[in-house]
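Read the structure below first, then the notes.
The values are calculated or read from the model by the stated rules, or taken from the named source; none is laboratory data. Everything numeric in this text was worked out from a predicted model, so none of it was measured. Don't worry about glycine lacking a Cβ; one is built from the backbone with ideal geometry, like all the others, and counts go over all protein chains shown.
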Amino acid sequence: MFICVQFIRMSKRAVLLDALASMPKDLVFMLRRMDETAVHYRPTLDHWSIADVLRHLAIIEPLYLARLQKIVTEERPYLPYLHPKTESSLTPVPLAELLTAVRDARHHTLSYLHTLKPGDWQRTAVHETVGNTSLRFMVQRLVEHDTEHLNQMAQIQQQRRANTS
């Protein structure tokens, strides 16, 4: 028996765009069985809850989009390290609202990135901590940021299960 496997060669841009597009879906899948109490659970007072992580993702996305736009519109712009303040909300925000905020913010980023020409992805900037960089590398860092926080939320879920068992 002969099986033909067709390999589709995807560009690095396409892989990055797919990764960015999948993050909100990954969040919904990952958090689908969580109740509101679990979303606001903190392993310790100085650690974030899943709600805090989601709030952070919703806050950082427009800042990141502005950074990407700056790379395209300016010649070798300087990009300071992003230090967004993400503090606990005194009033718990429902999970559905947090997921919508993350999804909508990511949609704006993806919409912008899809308008760019291939040459725009090679535009350069100077990052405060990384040094010389490109738009493509900054998009890759955004994907890495997503992965870091998805892992963080998985750890919070595991800690909660361990503490409630």
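Before moving on, here are some points about what is shown:
- Condition met for T129 (touching a residue at least 24 places away in the same chain (Cβ under 8 Å) and either closer than 16 Å to D26 by Cβ or of a type in the set (S, T, Y) (or both)): yes
- I71 under 23 Å from T129 (Cα atoms), in contact with a helix residue (DSSP H, G or I) (Cβ under 9 Å, 6 or more places away or on another chain), surrounded by 13 or more Cβ atoms within 10 Å (Cβ to Cβ) and modelled with pLDDT under 95: no
- Hey, V143 within 24 Å of L17 (Cβ to Cβ) and at pLDDT below 95 or not: no
- Residue within the range 78-94 that is assigned to a helix (DSSP H, G or I), of a type in the set (A, V, I, L, M, F, W, C) and modelled with pLDDT of 95 or more present: no
- Residue under evaluation A101, criteria (1) of a type in the set (A, V, I, L, M, F, W, C); (2) more than 14 Å from the chain's Cα centre (by Cα); (3) under 24 Å from S22 (Cβ atoms), criterion not met: (2)
- Boolean, V102 is modelled with pLDDT of 95 or more, crowded, with 18+ Cβ neighbours inside 10 Å and of a type in the set (V, I, T): yes
Matching residues to (1) modelled with pLDDT of 95 or more; (2) surrounded by fewer than 18 Cβ atoms within 10 Å (Cβ to Cβ); (3) closer than 25 Å to S22 by Cβ:
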site: A125; (1), (2), (3): yes, no, no
site: N132; (1), (2), (3): yes, yes, no
site: V139; (1), (2), (3): yes, no, yes
site: H149; (1), (2), (3): yes, no, yes
site: Q158; (1), (2), (3): no, yes, yes
